[in-house]
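Heads up: the structure comes next, in structure tokens.
Every number in this text was worked out from the coordinates using simple rules, so none of it is lab data. Because the structure is predicted, anything quoted here is derived from the model rather than measured. In this analysis, Cβ positions are derived from the backbone assuming ideal geometry, glycine residues included, and neighbour counts consider all displayed protein chains.
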Amino acid sequence: MLVNILAIVLAASVVHGIRLDGVLPAVAAGLLLGLVNAVVRPVLLILTLPITLVTLGLFLFVLNGVCLWLVSLVVKGFHVAGFWPAVLGALCVSVVSWVVTALVSDSGKFVVITRRKYF
């Protein structure tokens, strides 16, 4: 959940059209986004499976944007101005979540990724 909060704060600072009015809306949006991703998104994935297959998975960006937009409708102080800011914000949230998940191992410790030279 902390990753979602940080990702939403970063998206609000990077993407023009996404605005946060304080720390409390960021925390509420992060918690609610985690809940929406756990409950609502799987249902939407199943309902939109045909169009996702036709677009070779690109519709998932739109679906993530819809989830972010739904969160902005519920949380006061978290505003998404339109379709493209929602999609770009969702992309930003996804990239941040992916990077943090790649750097933090299952035990909660940071992992140093090294490249070994084989002779």
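The table below gives the values:
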read-out: D (Stokes-Einstein, µm²/s), Kirkwood Cα radius, segment 24-84, 0.890 mPa s at 25 °C; value: 202 µm²/s
read-out: Ranked list, fewest to most other Cβ atoms within 10 Å of each Cβ, for Arg41, Arg116; value: Arg116, Arg41
read-out: The chain, relative contact order [Cα under 8 Å, separation at least 6], %; value: 34 percent
read-out: More than 19 angstrom apart: percent of Cα pairs within the chain; value: 50 percent
